[in-house]
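Just so it is clear, none of the values below were taken in a lab; they were calculated from the coordinates. Predicted model, so just to flag it, every value in this text is computed and none were measured. Every residue, glycine as well, gets a Cβ built from its backbone with ideal geometry; the counts of neighbours run over all protein chains shown.
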Amino acid sequence: MLHINGAIGLEAAVIRAWIGGVAGLALSLLAAGSPPLAAGQCDGITVIGKVNSVNGNPFQAEVNAISPNGTQQASRPQEPNSVAVMRDSQGRVRVDSPGGKFEVKGQSSKHTEVDRRDIYICDPVGHETISLDTWNKTAIVQSLPPLEIQRARSLTGVIPSFCEAQLHLRANLPNVEIDDLGHRTVEGVDAHGVKETRSSSERRLWCSDELGAMVLLEMDTPEKKGVFHFAMTNIQRLEPAAALFAIPSDYKIVERVDAAAEGVR
C-alpha cells in the first residue's frame, strides 16, 4: 500500500502550475497564428522558466526556492526537495524535479519511505521527449511533434534572441505592464531582466542569453508580505554524464502511438 507522507515540495507544485500556464500560452499563440518551430526542437522547463535546447553550451545547475522569511527550500541536487537541471553539448536538456515523499506499507509492520523523482528529458538528437517515473521505473517516450510554437518574429522578420522572446511572452496580454530592468550578473552569468506588473501582483524575471536559460524569478507574495525567489544556483559550465540522458536499463519503456492516441503501447 502506498501513502503520501507529507506535502509535495513547493518547487514541484509551482513547476506543475508554471508548465500549465506555459501550455495555455502556447495554445493561445498558436490560435493567433504564430509561425512554427522547425521539427525536432524542444526545451526544458523549470519553475523559473525555459532552458533552451542549444548545442555546444553544456552546464549543470540547481534550482532553489527561497521563501519570504529567507529560508532556502532546497540546496543540493541529491536532497529530496531540490531541482537539478542540466544540458549537454548536443543540446539535450534534463530537469529532475521532486515528486513527493511516499511511505510503502507491506503486509508486515515495517514501512519504507521512498522519495519519488519526476525526470523530464528533452532530446532533439533523438527527436523525442522522455519522462522517467522513478517510482514505477517507467519511461514514457514521445516523438517530438513536427510543429511547435516558435518565438514570435518581429515585424521586420528578425527572430529575437532566446531571452528577448522569453521576457516578453506576456507583453501583449491585457493589464500587464512590462518595464526593462537592464542587465545584472546572476550566479556568474550576464542576465537581462524585466518587471511584470499587474493590478494585484508584481514579478521580476531574469534571463541569460549567455547560458540560454531563465535564471531568476522574484515574485511578490499576496498582500505584499514578502518576495519569493526562485533562483538557478551553483551553475557549473561542465559536460553532464551521457548516461543521465539515457533510459536506465531496468526501466519499462512505453511509447505513444500517435498524437491523438489516449493509450500507450
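If R0 is taken as 35 Å, the Cβ-Cβ distance between Ser199 and His127 corresponds to a FRET efficiency of 0.25. In a fully extended conformation the segment linking Ala246 and Thr138 would gain 37.6 nm over its present Cα-Cα distance, using 0.36 nm per residue.
The length gained on full extension between His183 and Asp115, counted as 0.36 nm times the residue separation minus their Cα-Cα distance, comes to 20.7 nm. Spin-label pair Arg256-Asn57: with each label point 7 Å from Cα along the Cα-Cβ axis, the two points sit 2.7 nm from one another.
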